[in-house]
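Visitor: Quick one: the structure is below, questions incoming.
No value in this document is a laboratory result; all are computed from the given coordinates. Just so it is clear, the structure is predicted and the values come from calculations on it, not from any experiment. Here the Cβ positions follow ideal geometry from the backbone for every residue, glycine too, while neighbour counts run over all protein chains shown.
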Amino acid sequence: MKLERNLYQIRAEVLLNYLYPEMEDSWLVQSKGTFYRNYNQDLLELNLEEHKVQLARDGFMKLLPEGLLTKDTDLKGEDVAQKFKELEWRKELLTEAFAPFDTYVFYKKLTIERYTSELLEHKLEYVLKTYFDFDLASEPSPLVREAAVLLPFVNGLRGDFGFISSLLGALMDCEVEHSEGRYSDIDTTLCWLPEVRYRLLIPGLTAEEYRKKTEQLQPLIDFVKEWLIPFEVCCDICIREHPDAAGNPHECLTLNYNTELSSQTAETEEENIN
């Protein structure tokens with residue numbers, strides 16, 4: 001779907017706060033009237049040297065009742081053109097006189113717009129802190145910070161094991177195998193709990209690299225178990241050697257990165273059995 005974006009509808013406060021945030025308290029406002037608004041943007045003219053802003057809005061003078069500044073007989077009689085010029089001159093003087101009031105109102109709207117923009121910019125942190133008691137700014141793990149943006153949608157994501165697999169793969173930049181089954185701490189399956197296992201397939205890690213990866217992954221594991229795994233489900237997440245690494249007979253297959261099984265050892269064991 002194509003969205004129509006009309007830049008003419010952007011308020012002057014939004015543009016000035018975005019383009020010139022350091023000049024918040026230095027603008028001089030001139031309100032030209034809503035008549036111009038029919039075919040112009042809200043911000044008619046901007047003079048950076050004099051810090052003047054012309055707006056297509058009604059100013060304070062428009063709030064005054066009719067007949068207070070002019071009379072019905074002002075344009076009657078002879079020399080109407082001259083009287084009209086005098087009225088226009090009087091209008092300009094009054095506009096300048098009421099400019100401080102319009103400027104003050106504009107400053108207030110600028111302040112409100114700035115506060116609103118800051119609130120919207122940090123709305124995710126506010127929602128996480130207020131409704132989930134999760135302080136995104138103080139979270140040390142970059143993996144958890146990336147995953148935390150999903151907390152507002154956790155009701156629909158909790159228990160979606162396929163999505164969790166995709167999430168782990170995207171965050172760790174690796175292939176992930178996941179399986180679902182039953183868990184029991186006794187020899188029978190009369191009593192069991194649902195179980196899901198995730199294997200992060202990362203080839204070629206040394207023992208030291210595996211230790212660092214595991215430390216890096218542990219906060220994410222705790223986050224996933226707390227927020228995305230139902231409490232009655234047993235979950236196991238760990239790093240494994242990629243099965244393609246076993247294709248080379250001269251390489252060792254690392255099992256959980258604490259036991260190595262080489263192809264030569266496997267052949268020797270097979271000969272002893274025969």
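Visitor: Suppose each label sits 7 Å from its Cα in the direction of the beta carbon; what would the Leu193-Gln216 distance come out to in nanometres?
Guide: 3.0
Visitor: Shifting gears a bit: Please list, short to long, the whole-number percent of alpha-carbon pairs of the range 99-154 in consecutive 10 angstrom bins beginning at zero.
Guide: All Cα pairs considered, the percentages come to 21, 35, 19, 14, 9, 1.
Visitor: Between the range 103-153 and the range 190-204, how far is it from one alpha carbon centroid to the other, in angstrom?
Guide: When both Cα centres are located, 36 Å separates them.
Visitor: Follow-up. What is the sum of charges around Ile239, taking Lys and Arg as +1, Asp and Glu as -1, for the other residues whose C-beta is under 9 Å from the C-beta of Ile239? If you can, show how the numbers build up before the last one.
Guide: Working: positive: Arg199, Lys213, Arg240; negative: Glu241.
Combined, the nearby Lys, Arg, Asp and Glu give +2.
Visitor: What are the lysines whose alpha-carbon lies under 20 Å from the alpha-carbon of Lys91, with same-chain residues fewer than 8 places away excluded?
Guide: List returned: Lys32, Lys52, Lys62, Lys71, Lys76, Lys83.
Visitor: Label-point separation (nm) for Val233 and Asp133, each offset 7 Å from Cα along Cα-to-Cβ?
Guide: 2.3
Visitor: Another question, then. What percent do you get for the relative contact order of the range 101-202 when only Cα pairs under 8 Å and 6+ apart count?
Guide: Values: 70 pairs, mean separation 16.8, N = 102.
That works out to 16 percent.
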